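The values are calculated or read from the model by the stated rules, or taken from the named source; none is laboratory data. Note that the structure is predicted; figures quoted are calculated from it, not measured. Note that each Cβ is placed from the backbone with ideal geometry, even for glycine, and that neighbours are counted across all protein chains shown.
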Amino acid sequence: MAKTVATIIGVVFLLVGIVGFVAPGVAGFHLSTAHNLIHIISGALSLYFGLAGTLRGARLFCIVFGAVYGLLGVAGFLLGAPGTPSMPGMVADDRLFKVLPGALELGTSDHTFHVLLAIVYIVAGLMTKAAYDTARDHD
């Protein structure tokens, strides 16, 4: 399951990263250049573990990446405050979290997406048995 989820989410990350360059405020997300590059790098990593990594590697990746995105989402909800993004084309948000002001600013849609992403990654990782893993296991 971890390899399948990592592959699917990897593709989604790449698509979101590319779309973000064309429509940075799509669906209320705050997709700056830095955010798009992070999505593209995350997508490439996720695809690697989903397509070329071992089952054990994909499982660990899903759990760790899920934890990172979960913490980011929760931090955004806790540390975000009402504000207007510094970046043009972005809408004001009640939970704006300026990670790097002017370069990486996350809003409520971003936090929600990060928490949901974390849940999917962690569940996939925990539901994957990797005890008898070989070089190129499959789900």
Open item on the list: Which residue is nearest to D93 (Cα to Cα), if the candidates are limited to the stretch 1-59 and must be polar (S, T, N, Q) and touching a Leu at 6+ places or on another chain (Cβ under 7 Å)?
Closed with: S32
Open item on the list: Just to be sure I understand the filter: pairs with C-beta atoms under 9 Å, separated by 6 or more residues or on different chains, first member in the stretch 28-51 and farther than 17 Å from G125 by Cα, second member β-branched (V, I, T) and part of a loop (DSSP other than H, G, I, E, B). Which pairs pass?
Closed with: G28/V91; H30/V91
TODO: Tell me which residues, restricted to the stretch 66-92, are out of contact with any Lys or Arg (no Cβ under 6 Å at 6 or more places or on another chain), crowded, with 18+ Cβ neighbours inside 10 Å and modelled with pLDDT of 95 or more.
DONE: G66, Y69, G70, L72, G73, G76
Open item on the list: For the stretch 101-119: of the residues being hydrophobic (A, V, I, L, M, F, W, C) and touching a strand residue (DSSP E or B) at 6+ places or on another chain (Cβ under 9 Å), which is surrounded by the most Cβ atoms within 10 Å (Cβ to Cβ)?
Closed with: L106
Task: Tally, over the stretch 1-22, of residues that are exposed (fewer than 15 other Cβ atoms within 10 Å of the Cβ) and closer than 13 Å to G53 by Cα - done: 1
Open item on the list: Quick check on my filter: what residues within the stretch 12-27 are touching a Gly at 6+ places or on another chain (Cβ under 7 Å) and free of Cβ contacts under 8 Å to residues at least 60 places away in the same chain?
Closed with: F13, L14, G17
TODO: Collect the residues in the stretch 22-44 that are more than 19 Å from V99 (Cα to Cα), at pLDDT below 95 and assigned to a helix (DSSP H, G or I), keeping them in residue-number order.
DONE: V22, V26, A27
Open item on the list: I need the full set of residues from the stretch 95-139 which are acidic (D, E) and either under 20 Å from T33 (Cβ atoms) or modelled with pLDDT of 95 or more (or both), in order please.
Closed with: E105, D110
Task: Selection status of I63, loosely packed, with under 14 Cβ neighbours inside 10 Å and of a type in the set (V, I, T) - done: no
- [ ] List the number of the failed condition for C62; all other conditions in (1) closer than 26 Å to A124 by Cβ; (2) part of a loop (DSSP other than H, G, I, E, B) hold.
- [x] (2)
